[in-house]
1. Regarding residue 114, is this residue touching a residue at least 12 places away in the same chain (Cβ under 8 Å), over 18 Å from residue 180 (Cβ atoms) and not aliphatic (A, V, I, L, M)?
2. Give me the pairs, please: first residue somewhere in the range 41-67 and over 17 Å from residue 196 (Cβ atoms) and β-branched (Val, Ile, Thr), second residue anywhere and part of a helix (DSSP H, G or I) and away from the ligand (no atom under 14 Å from the Cβ), beta-carbon distance under 7 Å, and either six or more positions apart or on two chains.
3. Touching a Phe, Trp or Tyr at 6+ places or on another chain (Cβ under 9 Å) and without any contact (Cβ under 8 Å) to a residue 24 or more places away in the chain: which single residue out of 197, 142, 132 fits that description?
4. Of everything in the range 90-115, what is of a type in the set (Val, Ile, Thr), in a helix (DSSP H, G or I) and within 16 Å of the ligand (Cβ to nearest atom)? Give them in sequence order.
5. Is it true that some residue in the range 126-134 is at pLDDT 95 or above, under 21 Å from residue 162 (Cβ atoms), away from the ligand (no atom under 16 Å from the Cβ) and in contact with a helix residue (DSSP H, G or I) (Cβ under 6 Å, 6 or more places away or on another chain)?
6. Return a yes/no flag: does the range 141-157 have any residue that is more than 16 Å from the ligand (Cβ to nearest atom) and among the acidic types (Asp, Glu).
7. Please verify whether residue 148 is among the small types (Gly, Ala, Ser), touching a Leu at 6+ places or on another chain (Cβ under 6 Å) and buried (at least 20 other Cβ atoms within 10 Å of the Cβ), treating the condition exactly as stated.
8. In the set 45, 34, 101, which member is over 20 Å from residue 187 (Cβ atoms) and crowded, with 19+ Cβ neighbours inside 10 Å?
Amino acid sequence: MRAVPGGKVIVLDPGHNGGNASHPAEINKLVPAGRGRMKPCNTTGTATNAGYPEHAFTWDLAIRVRDELTAHGVQVVLTRPNDTGVGPCVDQRAAIGNNSGAAAVVSLHADGSTTAGAHGFHVAYSSPPLNAAQGEPSTRLARTVRDAMVAGGLVTSNYIGSQGLSPRDDLGGLNLSTLPIVLVECGNMRDANEASALSSAAGRQRYADAITNGILGYLG
Ligand SMILES: [Zn+2]
């Protein structure tokens with residue numbers, strides 16, 4: 001799907017996929033990840049201690065954000081069609097974004113830190129930027145989404161980055177993007193309090209509302 005004249009398109013990239021864990025050969029295959037590096041095609045993602053998987057969280061969240069953006073007249077392209085497939089590889093996900101004609105790409109994840117007390121969200125962006133889109137537009141998108149999440153009552157990470165923002169040079173999806181892009185780590189699935197929020201429909205709706213507000217704020 002390409003942007004219609006005057007229309008706005010956003011790519012949502014729900015991290016991981018439901019079939020990844022049962023297809024190790026496919027997802028462990030090395031693919032280009034930017035900055036001259038190779039990385040596995042995709043990973044299984046994390047889970048709460050009770051077994052709620054990150055791929056299910058990111059899929060549910062993406063659908064909630066998609067539906068809210070659509071209600072605001074924004075076209076949404078997803079990098080995967082369901083939560084039962086394998087991959088796509090990080091370079092394929094980036095290509096879907098780059099070919100979409102979208103204003104920006106938002107990749108959705110949750111973290112799995114086993115450090116006691118580690119909690120909170122952070123928004124990652126490519127640094128140092130590899131093209132103009134990864135520069136000011138991406139850092140502005142990161143700040144706008146961060147601010148909307150704080151306004152939504154969500155707390156910034158106490159273990160990664162600073163004030164909810166994390167510059168990264170090692171994330172393939174960010175490195176390979178020719179569009180403004182951020183990756184949102186919504187919370188720590190291994191933290192008991194955040195696990196209950198991430199595992200509940202009401203909790204996910206709160207994340208969806210905040211992220212949607214951030215995207216709409218970026219689109220202006
Ligand atoms: Zn993830």
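1. Numbers: touching a residue at least 12 places away in the same chain (Cβ under 8 Å): yes; over 18 Å from residue 180 (Cβ atoms): yes; not aliphatic (A, V, I, L, M): yes.
Against the criterion (touching a residue at least 12 places away in the same chain (Cβ under 8 Å), over 18 Å from residue 180 (Cβ atoms) and not aliphatic (A, V, I, L, M)), residue 114 qualifies.
2. 65/208; 65/211; 65/212
3. Values: 142 fails: without any contact (Cβ under 8 Å) to a residue 24 or more places away in the chain; 132 fails: touching a Phe, Trp or Tyr at 6+ places or on another chain (Cβ under 9 Å).
The match here is 197.
4. Within the range 90-115, the first condition is being of a type in the set (Val, Ile, Thr), and the residues that meet it are 90, 96, 105-106, 114-115.
Okay, now just the ones that are also in a helix (DSSP H, G or I), so 90, 96.
Matches in the range 90-115: 90 only.
5. Initial filter on the range 126-134 (at pLDDT 95 or above): 126-134.
Next, only the ones that are under 21 Å from residue 162 (Cβ atoms) stay: 126-129, 134.
Within this subset, residues satisfying the condition of being away from the ligand (no atom under 16 Å from the Cβ) are 126-129, 134.
In the following step, the residues that additionally are in contact with a helix residue (DSSP H, G or I) (Cβ under 6 Å, 6 or more places away or on another chain) were identified as 126.
Yes.
6. yes
7. Details: among the small types (Gly, Ala, Ser): yes; touching a Leu at 6+ places or on another chain (Cβ under 6 Å): no; buried (at least 20 other Cβ atoms within 10 Å of the Cβ): yes.
It is false that residue 148 is among the small types (Gly, Ala, Ser), touching a Leu at 6+ places or on another chain (Cβ under 6 Å) and buried (at least 20 other Cβ atoms within 10 Å of the Cβ).
8. Values: 45 fails: over 20 Å from residue 187 (Cβ atoms); 101 fails: crowded, with 19+ Cβ neighbours inside 10 Å.
Among 45, 34, 101, only 34 is over 20 Å from residue 187 (Cβ atoms) and crowded, with 19+ Cβ neighbours inside 10 Å.
The values are calculated or read from the model by the stated rules, or taken from the named source; none is laboratory data. The structure displayed is predicted, hence computed values, not measured ones. A quick note on method: Cβ atoms are made from the backbone with ideal geometry, for glycine too, and the neighbour counts reach across all protein chains shown.
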